[in-house]
Every structure is written in C-alpha cells, then in structure tokens.
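Read the figures in this text as sums done on the coordinates, not as results from a lab. On a predicted model such as this, the values are computed, not experimentally measured, just so you know. Neighbour counts run over all protein chains shown; Cβ positions are idealised from the backbone, glycine included.
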Amino acid sequence: MGQKVHPYGFRIGVNKTWRSRWYSEKKYAELLHEDLDLRNDLKKKLGHAGVSAIEIERAANKLKVNILTSRPGIIIGRKGVKSID
C-alpha cells in the first residue's frame, strides 16, 4: 500500500496559501480554537449560500474574515442590508 499525501498540504506554498494568516506565541491554542469555532458556525449558518472557503486574518486587535462563496447575494442580502445573527 502506497503512502498518501494530503491534497491541501501538498499544495501549500506552490499554488495555495494558508487558510488563516496570523501568528501568536502565547495565545496560539486559544486563537486556533476560536478560528475553528468561527469557521464551523459560519459554515452552518451560510451552508445554503455555497461557501467554498473561509479565510481568517488577524492583525493587532483586528479580525478580517474573507468568505468565498458562489452566491454572495444570499449573504449580503438585498441592497446590502442583511446581517448575520
């Protein structure tokens, strides 16, 4: 039986980047679990919107979440007034 290579890990640095872009020495585990919870909650709430990827960036006290979706109108809403609860 041959050895298997993870498809995402194999492509990092070649034609894909990391899904989260941040670094922390002291709170790494806490922030990692926060990212995983955030990613799972967003996938549950936006499952009908065709979410393909969620990218998370942290800088100082700011959090930036990029949601890649095939149907952005469902997330944004009519005239950009829909909010995610």
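Select from the stretch 45-65 the residues that are in a helix (DSSP H, G or I) and touching a Lys or Arg at 6+ places or on another chain (Cβ under 9 Å) and list them in ascending order. His48, Ala49, listed by residue number.
On inspection, Ile75 does not qualify as touching a helix residue (DSSP H, G or I) at 6+ places or on another chain (Cβ under 6 Å), free of Cβ contacts under 8 Å to residues at least 40 places away in the same chain and under 22 Å from Leu31 (Cα atoms). Just one of the listed residues (Arg11, Arg78, Arg58) is touching a Phe, Trp or Tyr at 6+ places or on another chain (Cβ under 8 Å) and not small (Gly, Ala, Ser), and it is Arg58.
Out of everything in the stretch 1-18 that is surrounded by fewer than 10 Cβ atoms within 10 Å (Cβ to Cβ) and of a type in the set (S, T, N, Q), what residue ends up being farthest from Val65 (Cα to Cα)? Filtering the stretch 1-18 for residues that are surrounded by fewer than 10 Cβ atoms within 10 Å (Cβ to Cβ) and of a type in the set (S, T, N, Q), the one farthest from Val65 (Cα to Cα) comes out as Gln3.
When residues of the stretch 19-34 are filtered for being outside any helix (DSSP H, G or I) and loosely packed, with under 12 Cβ neighbours inside 10 Å, how many remain?
Residues that pass the stated criteria total 5.
Among the residues of the stretch 44-55, are any surrounded by 11 or more Cβ atoms within 10 Å (Cβ to Cβ), in contact (Cβ under 8 Å) with a residue 24 or more places away in the chain and of a type in the set (Asp, Glu)? Within the stretch 44-55 (the criterion being surrounded by 11 or more Cβ atoms within 10 Å (Cβ to Cβ), in contact (Cβ under 8 Å) with a residue 24 or more places away in the chain and of a type in the set (Asp, Glu)), the answer is yes, since at least one residue qualifies.
Tallying residues that are more than 26 Å from Ile74 (Cα to Cα) and out of contact with any Lys or Arg (no Cβ under 9 Å at 6 or more places or on another chain) within the stretch 19-44 yields 8. Taking (1) assigned to a loop (DSSP other than H, G, I, E, B); (2) surrounded by 11 or more Cβ atoms within 10 Å (Cβ to Cβ); (3) of a type outside the set (Gly, Ala, Ser) in turn, Asn40 satisfies each apart from (1).
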